[in-house]
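A quick write-up on the structure given underneath.
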Amino acid sequence: MYPAEFDYHRPESVSDAIKLLQENPEAKLLAGGHSLLPVMKLRLAQPSALVDISRISDLKGVREDGDTIVIGAMTTYSELMGSDVIKQKLPCLIDAADNVGDVQVRNMGTIGGACAHCDPASDFPAILLALESEIKSVGPNGERTQSSSEFFMDMFTPKLEPDEVVTEIRIPNVSNIAKATYIKFAHPASGYAIVGIGAVRTNDGNVQLSVTGSVPIAARLSAVESEISGKDLSDDNIKAAAEKATEGLDFVGDIHASDEYRAHLTKVYARRALESLK
Amino acid sequence: MKHEITVTVNGTKHTSEVDSRMLLVHYIRDVLNLTGTHVGCDTSQCGACTILFNGKAVKCCTMLAAQADGAEIMTIEGLAKNGDLHPIQEGFWEEHGLQCGFCTPGMIMASYDLLQRIPNPDEQQIRHNLEGNLCRCTGYQNIVKSVQFASKKMSGAPGDD
């Protein structure tokens, strides 16, 4: 299957990429391409041009900025899994990355691409929300940093202008993380999350939980958080908190799993995620 | 839109003019005539098109030839040296890791990526790392054995690439 005709550009800098996006209003950014190229091959997307930013070195790699861990948007899942900083300080991201697609997909797929794509069944939005990450982007009017809860607006809809480029994912207050995890119930064929839960316990007793897969876009489980935060992670407290996992959320259903089933699984996986924070 | 790309495939440098929308798998098969890399599902699920791209396994039905400009690629044709099968190929031969053989090139390239990272994988690691490759004949049992054969053989012969 061939995609429809398009122009291909490989700019050397983010500012050149922004210029190309402004000159070509129907253009799309190309990162790992493992979400975009399949929909182009099916002609569900027909951008006039692709702007390949995957090799811009400023957008690659993991670094520490004080107590913040900064992931370049074009860092692939497998590069993230190989990062010593991530291994030592945020191993929950390795668990999450190891859950994405398969080896070949992880060798191409990027963290920034996953964020900008806002796939409702994507794994990373959930763990990034639970970690209270920030997403930095650059556009013609300069840069801005948004919280992940602002950024993940809706299904396939990030809070991002068409001529704006995601440059960094920033995870703040890393030393305050006592324990963090990502668990999911994967669709057995596609590997996408039917339900995925990101969970973080901080040193000052807060619990941050988020869900993906069962809802239109990854979201925090605020009712669970307020029920459990500051309390012991006893079996009874966990059970009571996990029961609130469906509060305030709309669930999605499809041929693979109904909305009722996904809502049920959200409670089950919220409980399991809380248990693993003990 | 046409682009000039230069890629090194199995150690040989090629310079070609390609269309923006040409997929890498079609470049490899139809321009370079290396037809060992297969097109299976054409939707990045089955892994039959797996090659090594700058040393890492990728599904080249989901890549553009233009993205490969400057890259080092290895396909299934690059594994055997002077007529001697690579230990992974030998493993698939000895352990009956294939029946129809359609998935085999991709399966072998994904196994190559695995054994580079984890030279002595256990069964669970082999199955997890080959999740991106589908085989409709073998039930995977013999593929696991094939990779174990290769792992043993390669660890006994240090320096083997």
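Overview of values
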{"read-out": "Search result, residues across segment B:1-13 that are surrounded by 13 or more Cβ atoms within 10 Å (Cβ to Cβ), away from every other protein chain (no Cβ under 14 Å) and farther than 19 Å from B:H86 by Cβ", "value": "B:V7"}
{"read-out": "Yes/no for A:I69 being more than 30 Å from B:I126 (Cβ to Cβ), within 14 Å of chain B (Cβ to nearest Cβ) and touching a strand residue (DSSP E or B) at 6+ places or on another chain (Cβ under 6 Å)", "value": "no"}
{"read-out": "Residues of segment A:48-74 that turn out to be over 23 Å from B:Q45 (Cα atoms) and in a loop (DSSP other than H, G, I, E, B), as a count", "value": "9"}
{"read-out": "Pair list, Cβ under 6 Å, 6 or more apart: segment B:14-38 residue within 13 Å of B:Q67 (Cβ to Cβ) and within 10 Å of chain A (Cβ to nearest Cβ), other residue outside any helix (DSSP H, G or I) and of a type in the set (F, W, Y)", "value": "B:S20/A:F6; B:S20/A:Y8; B:R21/A:Y2"}
{"read-out": "Subset of segment B:127-144 [within 15 Å of the chain's Cα centre (by Cα) and outside any loop (DSSP other than H, G, I, E, B)]", "value": "B:N129, B:I143"}
{"read-out": "Those residues of segment A:14-41 which are more than 24 Å from the chain's Cα centre (by Cα) and part of a loop (DSSP other than H, G, I, E, B), in sequence order", "value": "A:N24, A:P25, A:E26"}
{"read-out": "Number of positions in segment B:138-161 that are modelled with pLDDT under 95 and surrounded by fewer than 17 Cβ atoms within 10 Å (Cβ to Cβ)", "value": "8"}
{"read-out": "Strands (runs of 3 or more DSSP E) lying entirely in segment A:177-233 (those with 2 or more residues that are in contact (Cβ under 8 Å) with a residue 40 or more places away in the chain and within 17 Å of A:G248 (Cα to Cα))", "value": "A:193-202, A:207-212"}
{"read-out": "Meets criteria (under 26 Å from B:M22 (Cα atoms), of a type in the set (S, T, Y), more than 12 Å from chain B (Cβ to nearest Cβ) and over 23 Å from the mean Cα position of the chain (by Cα)) for A:S48", "value": "no"}
{"read-out": "Residue in segment A:223-243 that is more than 14 Å from chain B (Cβ to nearest Cβ), crowded, with 23+ Cβ neighbours inside 10 Å and not hydrophobic (A, V, I, L, M, F, W, C) present", "value": "no"}
{"read-out": "Qualifying residue in segment B:51-62 (condition: of a type in the set (G, A, S), over 10 Å from the mean Cα position of the chain (by Cα) and away from chain A (no Cβ under 12 Å))", "value": "no"}
{"read-out": "In segment A:28-48, the residues that are surrounded by 22 or more Cβ atoms within 10 Å (Cβ to Cβ) and of a type in the set (A, V, I, L, M, F, W, C)", "value": "A:L29, A:L30, A:A31, A:L37, A:M40"}
{"read-out": "Filtered residue count, segment A:75-91, keeping only those that are more than 13 Å from chain B (Cβ to nearest Cβ) and either crowded, with 23+ Cβ neighbours inside 10 Å or of a type in the set (V, I, T) (or both)", "value": "4"}
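The values are calculated or read from the model by the stated rules, or taken from the named source; none is laboratory data. These numbers come from a predicted model, not from an experiment. Positions of Cβ are generated from backbone atoms using ideal geometry, with glycine treated the same way; all protein chains shown enter the neighbour counts.
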